[in-house]
Amino acid sequence: MFAELALYLLSAGHLAGHRNGRLEASVGLWSRGRRCRTAWAPHEAATKAAILQSVQRLQRRRSVAVLGSGVLRDVPLAELSAAFRSVVLVDVVHLLPARLAARRHGNVFCVTADLSGLTGLSEGHLDLVSPLAVLEAIDDLDLVVSVNLLSQLGLGMIRVVEAHPGADETEDLPAKVVGLHLAALRAVGRSVCLVTDTDCEVQNRSGMVVEQENLLRGHRLPAPADAWNWEVAPFGEEARDLRRVHRVEAHPFFSGW
Ligand SMILES: C[S@@+](CC[C@H](N)C(=O)[O-])C[C@H]1O[C@@H](n2cnc3c(N)ncnc32)[C@H](O)[C@@H]1O
């Protein structure tokens with residue numbers, strides 16, 4: 001608890017992104033990642049492996065942008081720093097440990113940006129800019145990595161809609177934001193690696209599925225190069241007799257290859 005509070009206070013000064021509870025969410029992610037490190041380890045290793053698979057196939061390695069870099073648990077930062085001239089980490093929140101990790105490498109930079117593209121919301125209408133406009137400012141971009149971010153864009157939009165009753169009357173805003181990210185990745189004109197969770201199951205101790213949800217709001221992806229289960233919340237984390245498991249897909253050559 002003390003560690004979480006200290007991290008919150010130390011990180012808040014840096015952030016444009018502590019609106020909408022995002023700083024709290026990021027501190028929560030950091031904290032859960034530490035508690036669940038054993039359960040998360042296979043997922044983190046598989047994510048890093050998918051990213052490095054993309055890197056290996058590149059002809060040129062000048063700049064790489066990592067979207068949803070977060071607390072850097074699933075980002076092979078040292079390898080990216082060694083392989084590229086510059087590494088740009090993009091997230092709505094960069095906690096202090098991520099900033100310090102970036103600073104340890106001379107060529108890693110943190111860019112704080114909201115990648116949902118949402119700039120405003122009125123009467124169910126979404127004011128959107130291109131969600132990946134931030135990439136236009138990066139010189140010599142050879143690879144874009146979207147790392148366990150996509151489902152969060154939809155979930156974040158659910159929170160926005162909840163805070164604005166009536167806002168979702170005309171369109172499914174979470175689905176729209178997920179679709180916009182996918183379309184923007186396809187249009188980016190660079191090599192793109194996509195790793196994302198796609199589905200969620202809550203299971204009881206007998207292995208029975210008591211709840212399930214598509215995290216991409218119905219959007220379909222091509223056949224993945226790899227897929228695995230990520231035990232996001234082992235038994236005892238969210239409920240004593242339930243665990244939450246996400247299906248994750250890796251698309252190291254998603255577009256632009
Ligand atoms: C599941 S975490 C990804 C894990 C991360 N790669 C790591 O290793 O810590 C999702 C990340 O997406 C970020 N995120 C969520 N909504 C976002 C948005 N609208 N714009 C930018 N980043 C966002 C969160 O801050 C979080 O770091």
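Values in this text are rule-based calculations from the coordinates and carry no lab data. None of these values were measured; they are calculated from a predicted model. Glycine gets a Cβ as well: all are built from the backbone with ideal geometry, and neighbour counts include every protein chain shown.
Helices from the chain with mean Kyte-Doolittle at least 1.0 and a Cα length along the axis of 18 Å or more, per DSSP H: which? The partial results should precede the final answer.
Details: long enough: 22-35 (19 Å, -0.80); 37-57 (30 Å, -0.38); 150-163 (21 Å, 1.06); 173-187 (21 Å, 1.15).
Helices passing the filter in the chain: 150-163, 173-187.
Enter the Cα centre distance for the pair the range 187-204 and the range 206-257, rounded to the nearest angstrom. Taking the Cα centre of the range 206-257 as reference, the centre of the range 187-204 is 9 Å away. Counting only DSSP beta bridges with both residues in the chain, the antiparallel share comes to about 60 percent. Note on the chain: GNM, Cα springs under 10 Å; of E231, E44, E136, the largest mean-square fluctuation is that of E136. Just need the relative contact order of the chain here, percent rounded to a whole number, with Cα pairs under 8 Å and 6+ apart. Over the chain, the number comes to 18 percent. On the basis of the beta-carbon distance and an R0 of 22 Å, N229 and R159 show a calculated FRET efficiency of 0.30. For D226, the residues whose amide H sits under 5 Å from its own are A250, ignoring neighbours fewer than 5 places away on the same chain, with H placed 1.01 Å from N.
In this simple spin-label approximation, T38 and W257 carry label points 7 Å from Cα along the Cα→Cβ vector, and these lie 3.5 nm apart.
Using a ≥ b ≥ c from the Cα gyration tensor of the chain (square roots of the eigenvalues), is it rounded, prolate or oblate, where a/c under 1.5 gives rounded and otherwise the larger of a/b and b/c decides, a/b for prolate?
Working: a/c = 1.24, a/b = 1.15, b/c = 1.08.
It is rounded, given that a/c, with a ≥ b ≥ c, falls under 1.5.
Please check which bits of the range 207-233 a label hung off Q53 would reach, taking the label as a point 7 Å along Cα-to-C-beta and the cut-off as backbone N under 15 Å. Counting backbone N atoms under 15 Å from the label point, the list is 222-229.
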